[in-house]
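The values are calculated or read from the model by the stated rules, or taken from the named source; none is laboratory data. Everything numeric in this text was worked out from a predicted model, so none of it was measured. Cβ coordinates were reconstructed from backbone atoms using ideal geometry, including for glycine residues, and neighbour counts include every protein chain displayed. Heavy atoms of the whole protein, side chains included, go into the accessibility calculation; ligands, DNA and RNA do not. Shrake-Rupley method; radii C 1.70, N 1.55, O 1.52, S 1.80 Å.
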Amino acid sequence: MKTWIRRRSIAASAVAVAGVALAGSQALAQTATIAVGAPVTSLDPHYHQLSPNNAVADTIFDKLVNTDAQSRNVPGLATEWRAVEPTVWEFRLRPNVRFHNGNAFTAEDVAFTLQRLPNVPNSPSSFAVYSRPITRVEIVDPLTIRLHTAQPYPLMPLDMTNVRILDKETAENATTEDFNALRAAAGTGPYRAVAHRNGDRIEFERWDGYWGDRAPFQRVNYRMITNDAARTAALLAGDVDLIDQVPTSDLARLRSDNRVRISETVGLRLIFLGLDFQRAANENSPFITDNDGRPLGRNPLRDVRVRRALSMAIDRRAIVDRVMEGAAVPANQFLPQGVFGFVADLPAPAYDPDGAKRLLAEAGYPNGFRIQLNGPNDRYINDARIVQAIGQMWTRIGVRTAVEAQPWTTFVGRAGRQDYSAFLIGWGSNPDGSHPLRNIMATFNSERGWGASNRGRYSNPQVDDLLAQSLTELDEAKRERQVVDAMRIAMQDVGVVPLHIQTNIWASRRNFEHTARNDELTRAQDLRPAAR
Amino acid sequence: MSQAVMDGAAPAAPRKDKVETPFRRFVSEFAESKIALGGLIVFTIIALVAIFAPWLAPQNPYDLAQLDIMDGRMEPGTVGGAGFTYWLGTDDQGRDMLSGIMYGLRISLSVGAGSALIACMVGATLGLLAAYAGGRTDTVIMRLVDLQLSFPSILVALMILAFLGKGVMNVVIALVIVEWAYYARTVRGTALVERRREYIEAAQCLALPTHRILFRHLLPNCLPPLIVVATMQVARAIALEATLSFLGLGVPITEPSLGLLIANGYEYMLSGKYWISFYPGIALLVTIVSINLVGDQLRDVLNPRLKK
């Protein structure tokens with residue numbers, strides 16, 4: 001009797017277990033959990049220009065012009081756009097689009113969004129730059145809008161890929177706090193946010209009224225796990241289905257793990273060395289001395305031969321293979337192949353220590369000099385390791401290099417005050433050559449807004465002229481030629497020393513598939529169940 | 001009676017009561033513990049290796065020109081590009097781990113011993129002063145000690161380094177600030193007892209200057225417990241320096257100490273490249289254990305209460 005009861009209870013529990021397992025596998029298809037490495041600071045899409053924020057904003061909202069995984073423009077809330085006059089851009093809007101609260105999308109919403117951009121209080125990095133060129137917004141009909149500018153402005157579609165469109169009725173008078181509390185976070189995107197705990201997690205639900213392809217998951221949990229090892233461990237334990245910013249030291253192991261699938265693509269972030277152009281040729285650069293530690297009396301970095309020598313001394317292949325474990329490609333310019341403004345005829349970066357020594361001797365430094373190379377230790381992938389590796393390579397051609405790596409906040413402040421002679425830094429470009437040109441290679445000019453991140457203070461009037469022409473050129477072919485010419489000059493001049501372009505890497509569980517994006521954004525809609 | 005005779009005689013008299021024959025007796029008592037003797041031998045070897053590292057190490061791990069990134073993360077026993085064998089493997093920069101450990105020991109030992117010495121001088125002086133002067137001086141110094149000891153030392157050291165910035169000298173300063181309180185409290189305790197002894201009264205009657213009484217009469221009689229604390233604190237200082245370097249606040253990245261070597265390899269642990277962290281960790285462990293063994297036995301030998 002007793003045995004019988006026990007047997008029956010075992011049978012019952014077996015059924016129960018099977019039931020749970022079944023429910024589990026169904027839930028698996030319905031729910032996905034993503035863990036990202038960098039915290040999202042706000043759900044207000046116009047508060048902070050930051051990749052993690054933009055990724056979440058792209059999940060909830062749409063832009064007039066969306067971008068595909070390779071950052072090419074694709075129709076978003078606008079189905080087509082063109083410059084009807086040199087200073088007028090016309091956008092045709094997508095019909096029958098509804099916001100998460102049911103409101104219809106019209107040109108009014110676009111006009112409202114553009115007007116809000118400069119009016120977000122306490123914004124750490126404002127989106128106002130995208131509405132500044134617009135002098136007047138003209139609503140032609142509910143599905144046609146015209147943006148007037150003072151001068152011809154070729155970058156308008158690119159700018160619009162950064163502006164997430166809000167619902168006027170919901171977001172009028174809404175504060176950033178209202179977005180964080182989800183009261184105002186109604187967009188047109190594939191998922192809507194249903195819960196948000198700041199800096200910890202966001203929960204999304206599928207928006208069934210989405211105008212595009214239906215999102216694959218009913219529910220997506222979006223967690224922030226900033227510790228690299230913890231993120232990897234969470235994936236391996238099956239707690240999460242997708243992680244971003246896979247640490248390169250775990251890469252080899254994850255690649256060989258058959259429970260895991262890696263998705264990767266060459267990104268848009270160049271790691272490069274900035275050099276001191278602030279000091280004139282006959283001035284001392286702060287961290288350069290002769291071999292005995294005495295001031296040199298001149299700034300060797302103003303000599304293009306010295307800059308070329310420093311660039312040639314670097315074995316980029318070794319850095320990519322050994323330090324980055326293959327998660328980067330050696331670079332000779334800011335953008336990877338295939339992006340608007342890529343200079344096809346620049347020679348591949350050569351590693352030639354003997355040639356570098358000869359160039360140094362030619363420039364009057366047969367015995368080299370001493371330099372300190374600075375860099376961050378918590379900002380870019382393996383940043384402190386890269387500066388040490390470059391220290392080795394420069395020391396070998398006679399430029400005895402001391403290395404110092406500091407936390408980013410200390411480092412970037414000093415780099416911005418031109419305190420360093422040579423420093424490692426990175427730049428994530430928009431997919432258009434004019435973006436790094438304007439921010440890094442153009443002569444520093446705060447009124448024009450040029451050279452905002454030109455921390456070495458490189459300056460070349462030829463580059464500036466070509467850039468100025470390109471910024472009002474509406475003929476795309478002509479504009480690309482100008483951008484390419486400007487970039488070629490700046491790179492031949494070694495205005496910066498490009499090192500490598502990082503690869504963006506995600507890792508997912510085997511039963512999920514993720515589309516890698518070159519803009520680093522980790523978006524819920526890029527994850528779907530793997531095809532069987 | 002001349003002053004000179006008094007000076008010489010006074011410290012010797014009470015010591016005779018505690019340790020009957022000075023040095024030889026001390027040595028034989030110390031050697032009673034074979035473990036402690038072993039610790040002493042191991043520590044001596046470690047110290048010699050550290051001192052003679054530039055002649056013993058196959059590579060100068062602080063000279064960037066001698067490192068090759070292509071030799072990075074090689075397994076123990078691999079022959080590198082420079083022609084010699086990396087018996088303990090290499091780290092991510094191609095630094096020979098054996099050389100790195102030898103040089104790292106130099107930093108660890110000199111920082112540990114240096115900071116312990118300075119902290120000992122500062123702490124002992126303040127402790128003597130507190131015990132001898134009493135009253136308000138005592139209160140102020142001892143409350144400062146209490147305040148200092150109520151914070152975890154790693155927290156205090158982190159705050160100081162955040163303020164001073166990186167560098168070996170700054171680590172020493174931070175360690176001194178963290179550690180002086182232990183010496184001060186130990187010395188004050190002993191000195192409080194000693195100052196009521198007759199020889200101090202005698203010295204006071206002779207109107208000797210205070211500094212002379214403090215350092216020539218009181219201090220020598222407080223030495224035994226001070227030596228014990230100092231040995232233990234050297235080990236603690238080495239561990240603390242390793243912790244600070246592990247957290248990236250100590251030595252420069254191109255001149256790693258043991259803590260930074262461990263930190264460098266930490267990220268590769270999951271990938272199976274154990275040797276980058278493992279061997280410096282062993283070196284650190286052996287060093288600290290050997291010092292502690294010596295310290296333990298010193299305490300047993302020098303502590304009169306344990307002897308009865």
The strands (runs of 3 or more DSSP E) lying entirely within the stretch A:465-532 that contain at least 3 residues which are open to solvent by less than 40 Å² (accessible area, probe 1.4 Å), over 30 Å from A:Gly238 (Cβ atoms) and touching a Leu at 6+ places or on another chain (Cβ under 7 Å) are A:496-509
Cβ pairs under 7 Å, 6+ apart or interchain, first in the stretch A:387-414 and farther than 14 Å from A:Leu310 by Cα and at the interface with chain B (Cβ under 7 Å from one of its Cβ atoms), second crowded, with 20+ Cβ neighbours inside 10 Å and acidic (Asp, Glu), ordered by first then second residue, are A:Ala405/A:Asp383
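Conditions tested, residue by residue: (1) at pLDDT 95 or above; (2) touching a Ser or Thr at 6+ places or on another chain (Cβ under 8 Å).
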{"residue": "A:Glu108", "(1), (2)": "yes, no"}
{"residue": "A:Pro118", "(1), (2)": "no, yes"}
{"residue": "A:Asn122", "(1), (2)": "no, yes"}
{"residue": "A:Ser126", "(1), (2)": "no, no"}
{"residue": "A:Arg132", "(1), (2)": "no, no"}
{"residue": "A:Arg136", "(1), (2)": "yes, no"}
{"residue": "A:Thr144", "(1), (2)": "yes, no"}
{"residue": "A:Leu166", "(1), (2)": "yes, yes"}
Worksheet item: Any chance the stretch A:271-280 includes a residue that's over 23 Å from A:Ala327 (Cα atoms), touching a Pro at 6+ places or on another chain (Cβ under 9 Å) and away from chain B (no Cβ under 14 Å)?
Response: yes
Going through (1) modelled with pLDDT under 90; (2) surrounded by 17 or more Cβ atoms within 10 Å (Cβ to Cβ) one by one, B:Pro220 fails only at (2)
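Please go through the stretch B:51-73 and pick out each residue that is under 33 Å from the mean Cα position of the chain (by Cα) and within 14 Å of chain A (Cβ to nearest Cβ).
Once the filter is applied, which keeps residues that are under 33 Å from the mean Cα position of the chain (by Cα) and within 14 Å of chain A (Cβ to nearest Cβ), the stretch B:51-73 yields B:Gln59, B:Asn60, B:Pro61, B:Tyr62, B:Asp63, B:Leu64, B:Ala65, B:Gln66, B:Leu67, B:Gly72, B:Arg73.
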Of the residues in the stretch B:125-151, those that are small (Gly, Ala, Ser) and surrounded by 17 or more Cβ atoms within 10 Å (Cβ to Cβ) come to B:Gly127, B:Ala130, B:Ala131
Flagged pairs (Cβ under 8 angstrom, 6 or more apart or on separate chains; first in the stretch A:471-483, at pLDDT below 95; second open to solvent by 60 Å² or more (accessible area, probe 1.4 Å) and not in a loop (DSSP other than H, G, I, E, B)) are A:Leu471/A:Arg438
Filter the stretch A:243-272 for residues that are open to solvent by less than 50 Å² (accessible area, probe 1.4 Å) and among the acidic types (Asp, Glu); the one that is farthest from the chain's Cα centre (by Cα) is A:Asp257
Of the residues in the stretch B:190-217, those that are within 26 Å of B:Leu175 (Cα to Cα) and either open to solvent by 40 Å² or more (accessible area, probe 1.4 Å) or not in a helix (DSSP H, G or I) (or both) number 1
Exactly one of A:Arg98, A:Arg94, A:Arg136, A:Arg132 is in contact with a His (Cβ under 7 Å, 6 or more places away or on another chain) and not assigned by TED's automatic domain parsing to the domain that holds A:Ser434, and that one is A:Arg136
If we keep only residues of the stretch A:54-70 that are open to solvent by 10 Å² or more (accessible area, probe 1.4 Å) and outside any strand (DSSP E or B), then the residue modelled with the lowest pLDDT is A:Gln70
Selection from the stretch A:353-381 of residues open to solvent by 20 Å² or more (accessible area, probe 1.4 Å), more than 16 Å from A:Asn291 (Cβ to Cβ), within 14 Å of chain B (Cβ to nearest Cβ) and touching a residue at least 40 places away in the same chain (Cβ under 8 Å) yields A:Pro353, A:Arg379, A:Ile381
When every residue in the stretch A:217-228 that is more than 22 Å from the chain's Cα centre (by Cα) and open to solvent by 20 Å² or more (accessible area, probe 1.4 Å) is compared, the one nearest to the other protein chains (Cβ to nearest Cβ) is A:Asn221
Among the residues of the stretch A:484-500, the number that are charged (D, E, K, R) and more than 16 Å from A:Gly456 (Cβ to Cβ) is 2
- Message: So, B:Val187, is that one open to solvent by less than 20 Å² (accessible area, probe 1.4 Å), in contact with a Cys (Cβ under 6 Å, 6 or more places away or on another chain) and either within 14 Å of another protein chain (Cβ to nearest Cβ) or in a helix (DSSP H, G or I) (or both) or not?
- Response: yes
| query | In this structure, does A:Arg231 turn out to be of a type outside the set (A, V, I, L, M, F, W, C), within 14 Å of chain B (Cβ to nearest Cβ), touching a strand residue (DSSP E or B) at 6+ places or on another chain (Cβ under 9 Å) and buried (at least 19 other Cβ atoms within 10 Å of the Cβ)? | reply | yes
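For residues that are in a helix (DSSP H, G or I) and of a type in the set (S, T, N, Q), scanning just the stretch B:250-293, find the one that is farthest from the chain's Cα centre (by Cα).
The extreme case among them is B:Ser271.
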| message | Based on this model, can you work out whether A:Asp345 counts as in a loop (DSSP other than H, G, I, E, B), touching a helix residue (DSSP H, G or I) at 6+ places or on another chain (Cβ under 8 Å) and away from chain B (no Cβ under 14 Å)? | response | yes
Of the residues in the stretch B:242-272 that are farther than 22 Å from A:Ala402 by Cα and surrounded by fewer than 21 Cβ atoms within 10 Å (Cβ to Cβ), the one that is farthest from the other protein chains (Cβ to nearest Cβ) is B:Thr243
Looking across the stretch A:273-291 at residues that are open to solvent by 10 Å² or more (accessible area, probe 1.4 Å) and out of contact with any Gly (no Cβ under 8 Å at 6 or more places or on another chain), the single one that is farthest from A:Ala442 (Cα to Cα) is A:Asp290
Here the residues within the stretch A:293-324 that are buried (at least 22 other Cβ atoms within 10 Å of the Cβ), β-branched (Val, Ile, Thr) and away from every other protein chain (no Cβ under 14 Å) are A:Val306
Of the listed residues (A:Val494, A:Val483), the one being out of contact with any Pro (no Cβ under 9 Å at 6 or more places or on another chain), under 25 Å from A:Val320 (Cα atoms), outside the structural domain of A:Asp159 (by TED's automatic domain parsing) and of a type in the set (A, V, I, L, M) is A:Val494
Residue check for B:Thr90: polar (S, T, N, Q), over 19 Å from the mean Cα position of the chain (by Cα) and closer than 30 Å to B:Leu223 by Cβ:
no
Across the stretch B:83-93, the tally of residues that are farther than 22 Å from A:Ile386 by Cβ and either within 12 Å of another protein chain (Cβ to nearest Cβ) or open to solvent by 60 Å² or more (accessible area, probe 1.4 Å) (or both) stands at 1
* Asked: Does at least one position in the stretch B:64-73 carry a residue that is assigned to a helix (DSSP H, G or I) and charged (D, E, K, R)?
  -> yes
